[in-house]
1. All but one of (1) more than 23 Å from Arg408 (Cβ to Cβ); (2) surrounded by 15 or more Cβ atoms within 10 Å (Cβ to Cβ) hold for Tyr334, so report the exception by its number.
2. Can you name every one of the helices (runs of 4 or more DSSP H) wholly within segment 50-146 that holds 2 or more residues which are surrounded by fewer than 15 Cβ atoms within 10 Å (Cβ to Cβ)?
3. Please state which one of Arg198, Arg275 is within 15 Å of the chain's Cα centre (by Cα), at pLDDT 95 or above and assigned to a strand (DSSP E or B).
4. Out of Ala382, Ala358, which single residue is at pLDDT below 90, within 30 Å of Arg305 (Cβ to Cβ), among the hydrophobic types (A, V, I, L, M, F, W, C) and not assigned by TED's automatic domain parsing to the domain that holds Ser266?
5. Collect the residues in segment 339-379 that are over 20 Å from Tyr242 (Cα atoms), among the small types (Gly, Ala, Ser) and under 24 Å from the mean Cα position of the chain (by Cα), keeping them in residue-number order.
6. Which number in (1) crowded, with 17+ Cβ neighbours inside 10 Å; (2) modelled with pLDDT of 95 or more; (3) within 30 Å of Trp277 (Cβ to Cβ) marks the one condition that Ala303 misses?
Amino acid sequence: MDEMIKAAVDDGRAHGLVLGRRIGDRVETAAAGLRGPGGAALTAATPFPVASITKPATATLLHALAARGALDLDAPVLHGASPRSLLRHTGGVGPGWRGDLAALGHGDDALARYAERTDLIEPLGASWSYGNPGYWLAGHHAAVAAGTSFEEALREHVLAPAGMEGADCRPWADDPTALAHDDTDPRRSSYLAMPRARVPSGGMRATVADVLAFAAATWPGGVFGELGVLGSGADTAYAEAYGGRLWGPGWEAWRAADGTIVAGHSGVYGGFRTRLWSVPARRTAVAVLAVGKGSENTVLGLALRAVEATTGLIEPPLESGPMREPLSGYAGVYARDTARHEVEADGESLRVRTVDPATGESSVVTARPLAGDAFLTEGTHAPGRHVEFLRGADGTITHIRPGLVAARRIG
């Protein structure tokens, strides 16, 4: 492990990187580089903003409260959207919010103030679309059910029972140089300025051992093993599929050739890149935490290599096959409130231009046919990132889903 991460730091792909794995009760870690640009040496004990690895913890919190009878996962909380649908990214609240999260303040009522101002932007269950707002709303309802702040509820019902001794999501009050940071001045680290309402989707900080302890707590026999958040892979825990992977409440997963489920989550926030993979059936988990905006491919690749080295499991390659439609059939305009996608056939590929309606800024990717209604993009910073098209009950194309987030066809 030392050689794997040292090479990534030496060639400039990351300022600092931590890799850990847990096999049963045994934990092994390795660290290389700095806590941030110009910072002190990074160690395996350095607390790290883990970004969206927070989502599985938030999902676990809601399931734990439901198991205690404090919360109904299927009760409607917003125009029919339930906590379960919010955790599965099918609650209709969308991938982003045009409001100013920072303006909601940093008090315990920040999530409640967000809940008062949000609304559905898609019909409930119309399409699976990854996003943070569903977790903000779910976090609010978890706090209400627990009778305390979200941060205290997560600490009491998830972090402490899992033995995550160095983990927290309450505002950082210690020396910022001790925390992994993405600015030359640790006091300007993006994590320290995170709006309070954003915490349920990505505000947890933890050491690599904490992340692995959380994974172990969800294994069969673990303190959260009976909650059914991870499921068995053969049931409905993973109800949605995107990019060759399965998605459930707070977790994404892939199935190895022998049927073994490998579940986890990645995280991206500011200059931080993180990835957790857990293999419950093998009582094994790996985690990679990095500082450096250019380290995403490195983090994702290292995590999969660590899974293979530890368990022998390999994510199956994506299968190619015939397309359901001539390329011209996918051409058109698709939009959601935070993006507009203009799709046109370009030789043997699709050209997808994405425009931010608020700023006018745009980007273009080339998507080559894969199979069915799925395309692989070129020029993105995540390997295997798809562009997929969704169909309605009558078989016509209704949505595009590039980079996890769906948009409706409007022309």
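The values are calculated or read from the model by the stated rules, or taken from the named source; none is laboratory data. Just so it is clear, the model here is predicted, and its values are computed rather than measured. When we count neighbours, we look across all protein chains shown, and the Cβ atoms used for this are built from the backbone with ideal geometry, even at glycine.
1. (1)
2. Working: elements: 54-67, 83-87, 110-117, 133-146.
By residue number, 110-117.
3. Values: Arg198 fails: assigned to a strand (DSSP E or B).
Sole residue among the options that is within 15 Å of the chain's Cα centre (by Cα), at pLDDT 95 or above and assigned to a strand (DSSP E or B): Arg275.
4. Values: Ala358 fails: within 30 Å of Arg305 (Cβ to Cβ).
Answer to the selection: Ala382.
5. Answer for segment 339-379, where residues must be over 20 Å from Tyr242 (Cα atoms), among the small types (Gly, Ala, Ser) and under 24 Å from the mean Cα position of the chain (by Cα): Ser362, Ser363.
6. Evaluating Ala303 over (1) crowded, with 17+ Cβ neighbours inside 10 Å; (2) modelled with pLDDT of 95 or more; (3) within 30 Å of Trp277 (Cβ to Cβ) leaves (2) as the failure.
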